[in-house]
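Here's the structure we're looking at; comments come further down.
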Amino acid sequence: MNDINLDPIVEAVRNYVGLVRKHPIKKVVEKLKSTCTYGEALPNFGDDAAVIPFKDEYLLLAADGMMTALIINEPYAAGKASVMVTVNDIYSMGGRPIGMVNVLASGDETQRSLIVAGIEKGCHKLRVPMLGGHLHPDPDMKTPSLSVAILGKAKKLLRSHLAENGDDLILAVDLTGRPGCHSVVSWDANSGKTPEQLLYRLDILPLIAEQNLSCAAKDISNAGILGTISIFMENSGKGGHIRLDDIPRPASIGLKDWLHCFQSFGFILAVKPENSKKVLELFASRNIDANIIGNVTQNDQVVLEQGQTCRVLFDFKTDEITGIRYKGRIE
């Protein structure tokens, strides 16, 4: 059998703008980590939301900003996405949303109206209230912006740095969708579904956490599937072995494009092998396409496998993505 050339995939992932834009995170975290001595929040190692112990549960606090190109080119889609991405951040950590606030800057009334209409649609679809925010309507504003913050709560947590050696890596996506907005490579698995269907699908994440079937997961971000998994391994202080042929994907999209896709529903979980069958059954029961696509390793490398060919994607002895790397248990 001829070796498969994985160089194009490796280069495409390593140089993908959705991943490269994560590099400045390290300097920001290093500058601000001294402030984390205040309050009672738990240490954050790349989590999708901050974790604040509250009574016998946890409050989850997250924020996200929309890419400028999306706001300018597809303002309605940007409004919807601002709700979706923050809601996914809460569910990815085993939580359920409580409410959101936003900061919107746009001096163009037509653009602003489309953004707000998108936010309204997203809130109704995902049944999360937009409780307030701040508006900059200045007519001389050259660059619009939109950010959303969300508060949620969880009984048990799924965290971004607790993947352990030997865990199965389970990728869960919804293939019953279509290509999404044009400004970013994306897969829309939300349109055409009812709020009940979307919430039933999302609620599997807190269910997995509450049944102690996993303690580690991450939302597939704009870094794409392999980029997000690599960040997950970097945050956990581990490596990973990923079998590309086992990644669920729609027949209509090529592998390279699919690996870049921002997912409206996409999560990677680290699961003990004895729990994997139950986790896969839970996803299947809710019409979610999930598969074991590899495993967590003790070394510092993320390795790709396709056919008989293996290739190192990242070696954390020399490579950094976010630079946030967990060294040991302190919980």
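Only the coordinates and a few stated rules stand behind these numbers; no lab work does. All values reported here derive from a predicted model rather than from experimental measurement. Cβ placement follows ideal geometry from the backbone for every residue including glycine, while neighbour counts extend to all protein chains displayed.
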Check S221: other-chain or 5+ apart residues with amide H under 5 Å from its amide H, H built from backbone geometry? T228
Additional length obtainable on full extension of the chain from L42 to N73, 0.36 nm per residue less Cα span: 7.3 nm
Contour minus end-to-end for R311 and L175, with contour as 0.36 nm per residue of separation and end-to-end as the Cα-Cα distance? 46.3 nm
Springs between alpha-carbon atoms under 10 Å, Gaussian network over the chain: tell me which of A105, A217, A251 tops the mean-square fluctuations. A251
So, in nm, how far is label A251 from label T318 when the simple model puts each one 7 Å beyond its Cα toward the Cβ? 4.2 nm
Helix-only CD estimate at 222 nm, as mean residue ellipticity for the chain, using -39500 (n - 2.57) per DSSP H run (n ≥ 4): -9500 deg cm²/dmol
Under 20 Å Cα to Cα from K80, which aspartates and glutamates show up? Leave out anything in the same chain fewer than 8 places away. D48, D64, D89, D108, E109, E120, D174, D188, E196, D203, D219
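Taking the Cα centre of segment 40-154 as origin, work out the dipole magnitude from +1 charges on Lys and Arg Cβ and -1 charges on Asp and Glu Cβ, in debye rounded to 20. Before the final figure, lay out the partial values.
Values: 9 positive and 13 negative charges, 74 e Å.
The calculated dipole for segment 40-154 is roughly 360 debye.
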For segment 40-154, what class follows from the C-alpha gyration tensor (a ≥ b ≥ c being the square roots of its eigenvalues): rounded when a/c is under 1.5, otherwise prolate if a/b is larger than b/c, else oblate? prolate
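For the chain, what is the percent of antiparallel DSSP beta bridges, rounded to the nearest 5? Walk me through the numbers before you get to the answer.
Working: 51 of 64 bridges.
The antiparallel proportion sits near 80 percent.
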How many angstrom lie between the C-alpha centres of segment 132-195 and segment 48-125? 8 Å
Compute the distance from the alpha-carbon center of segment 1-42 to that of segment 199-238, in whole Å. 15 Å
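Using a Förster radius of 41 Å, what is the FRET efficiency between N299 and E109 based on their Cβ-Cβ separation? Nearest 0.05, please.
Details: r = 55 Å, r/R0 = 1.35.
The calculated FRET efficiency here is 0.15.
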Expressed as an acute angle from 0 to 90° and rounded to the nearest 10, what is the orientation of the C-alpha long axis of helix 75-92 relative to the principal long axis of the chain? 50 degrees
Between the residues I288, V184, C123, the Cα farthest towards the positive end of the dipole of the chain, that dipole coming from +1 and -1 charges on the beta-carbon of Lys, Arg, Asp and Glu, is from C123
Given a 10 angstrom Cα cut-off, can you work out which residue in T309, T228, T35 is the most mobile in a GNM of the chain? T35
May I ask for the angle, rounded to the nearest 10°, between helix 224-236 and the longest principal axis of the chain, with both axes built from Cα atoms and the value confined to 0 to 90°? 70 degrees
Nearest-0.05 FRET efficiency for N165 and E30, computed from C-beta distance (R0 25 Å): 0.40
For segment 175-180, in residue order, the Karplus 3J(HN,Hα) values (coefficients 6.51, -1.76, 1.60; θ = phi - 60°; whole Hz; Gly and Pro = x) are 7, 7, x, 7, x, x
Go through segment 42-47 residue by residue and turn each phi into a ³J(HN,Hα) via Karplus (6.51, -1.76, 1.60, θ = phi - 60°); whole Hz please, and just put x for glycine and proline. 6, x, 10, 10, x, 4
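Between A149 and E196, what length in nm is gained on full extension when 0.36 nm per residue of separation is reduced by their alpha carbon distance? Don't skip to the answer; put the middle values down first.
Details: separation 47, 0.36 × 47 = 16.92 nm, distance 2.31 nm.
Between A149 and E196, full extension yields an extra 14.6 nm.
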